[in-house]
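A short worksheet on the structure shown next.
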Amino acid sequence: MAKIFCIANQKGGVGKTTTTVNLAAGLAKVGQRVLLVDLDPQGNATMGSGIDKRSVELSVYDVLLESASIKEAAVRAEKCAYDVLSANRELAGAEVELVDLEHRDQRLKMALAAVEGDYDFVLIDCPPSLSMLTLNGLCSAHGVIVPMQCEYFALEGLTDLVNTIKQVHANLNKDLKIIGLLRVMFDPRITLQMQVSDQLKAHFGDKVFDAVIPRNVRLAEAPSYGLPGVVFDPSAKGSQAYVEFARELVLRAPTL
């Protein structure tokens, strides 16, 4: 049965999409069957997996409105070795269309139930806002992976996210919990980042992943080539860190 994880943080610009595509590629590299679900109307995770969002015939929009199944809509990202349920601008309209529908927050969960035997991991890239799309992601997930920078404002955003997860856990999805915090864009030369990192470990303990993703130019360049950094430059420090993170997640998964 697939482990379904949302990559979420209500603060923008923290590397959610970078983490989603590179973790997917890292998991594929260590032999896992992976489905990446792009729930962001901007479609960055789709494009970052080498798939042109403008040319896909079926997307997550069709799945949410029940006009297609995931098996019909998922596309293989050949160079990355994982499947993608893609997103494009159409998805922005789904917010309005879902409002009047039954089980509007459970649509993705019901669709994933049909394919959970086909994958080891399902990774959901959520938009930064708490919208109906994010809610669909949180309702279908076993847990949330939170990428965060070790900065003061990131701690503020984390408080908001923890409160959101508590509300969804209490009202909509009893399985939902924080799987772990991933420190990204990390620079050990900056004293504040070391201090915040130590605070996180003191407060959250083993919820903080051992893997740390360094600030890395190659990871930033990779999306312009339509690839995750792990595929674009496997030797880069950032890429190797994401593969290590994938290995750590595989080891932790049975106990989650």
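Scan the stretch 174-185 and give yes if some residue there is free of Cβ contacts under 8 Å to residues at least 24 places away in the same chain and of a type outside the set (Phe, Trp, Tyr), otherwise no.
Here is the first cut: in the stretch 174-185, the ones free of Cβ contacts under 8 Å to residues at least 24 places away in the same chain are 174.
Okay, now just the ones that are also of a type outside the set (Phe, Trp, Tyr), so 174.
Taking every residue of the stretch 174-185 in turn, at least one turns out to be free of Cβ contacts under 8 Å to residues at least 24 places away in the same chain and of a type outside the set (Phe, Trp, Tyr).
Working carefully through the options 21, 60, 30, find the one that is touching a residue at least 24 places away in the same chain (Cβ under 8 Å) and either farther than 23 Å from residue 235 by Cα or among the basic types (Lys, Arg) (or both). Break it down stepwise before answering.
Working: 21 fails: either farther than 23 Å from residue 235 by Cα or among the basic types (Lys, Arg) (or both); 30 fails: either farther than 23 Å from residue 235 by Cα or among the basic types (Lys, Arg) (or both).
Checking each option against the conditions leaves just 60.
Residue by residue through the stretch 208-254, note down the ones that are more than 25 Å from residue 193 (Cα to Cα) and β-branched (Val, Ile, Thr).
Residues satisfying the conditions are 231, 250.
Do we find that residue 55 is touching a residue at least 24 places away in the same chain (Cβ under 8 Å), out of contact with any His (no Cβ under 9 Å at 6 or more places or on another chain) and either among the β-branched types (Val, Ile, Thr) or closer than 21 Å to residue 228 by Cβ (or both) in this structure? Quick ask: steps written out before the conclusion?
On the way: touching a residue at least 24 places away in the same chain (Cβ under 8 Å): no; out of contact with any His (no Cβ under 9 Å at 6 or more places or on another chain): yes; either among the β-branched types (Val, Ile, Thr) or closer than 21 Å to residue 228 by Cβ (or both): yes.
No: the conditions fail for residue 55.
Considering each residue of the stretch 188-203, count those that are crowded, with 16+ Cβ neighbours inside 10 Å and of a type outside the set (Val, Ile, Thr), and give that number. Spell out the reasoning first.
Filtering the stretch 188-203 for residues crowded, with 16+ Cβ neighbours inside 10 Å gives 193, 196-197, 200.
Checking which are of a type outside the set (Val, Ile, Thr) leaves us with 193, 197, 200.
So the count comes out to 3.
Report, ordered by the first and then the second residue, all pairs with beta carbons closer than 6 Å, sequence separation of six or more or different chains, a first member in the stretch 102-118 that is surrounded by 14 or more Cβ atoms within 10 Å (Cβ to Cβ), and a second member that is assigned to a loop (DSSP other than H, G, I, E, B).
Cβ pairs passing all conditions: 116/1; 116/2.
Filter the helices (runs of 4 or more DSSP H) completely within the stretch 177-256 down to those with at least 1 residues that are over 16 Å from the mean Cα position of the chain (by Cα) and more than 27 Å from residue 52 (Cα to Cα).
Correct list: 191-204, 237-252.
Where residues in the stretch 9-39 are buried (at least 24 other Cβ atoms within 10 Å of the Cβ), outside any helix (DSSP H, G or I) and not aliphatic (A, V, I, L, M), which of them is modelled with the highest pLDDT?
Step by step, filter the stretch 9-39, then rank; the result is 38.
Considering only the stretch 51-94, how many residues are closer than 19 Å to residue 137 by Cβ and surrounded by fewer than 16 Cβ atoms within 10 Å (Cβ to Cβ)?
5
The values are calculated or read from the model by the stated rules, or taken from the named source; none is laboratory data. Just so it is clear, the structure is predicted and the values come from calculations on it, not from any experiment. Reconstructed Cβ throughout: ideal geometry from the backbone, glycine too, with neighbour counts over all protein chains shown.
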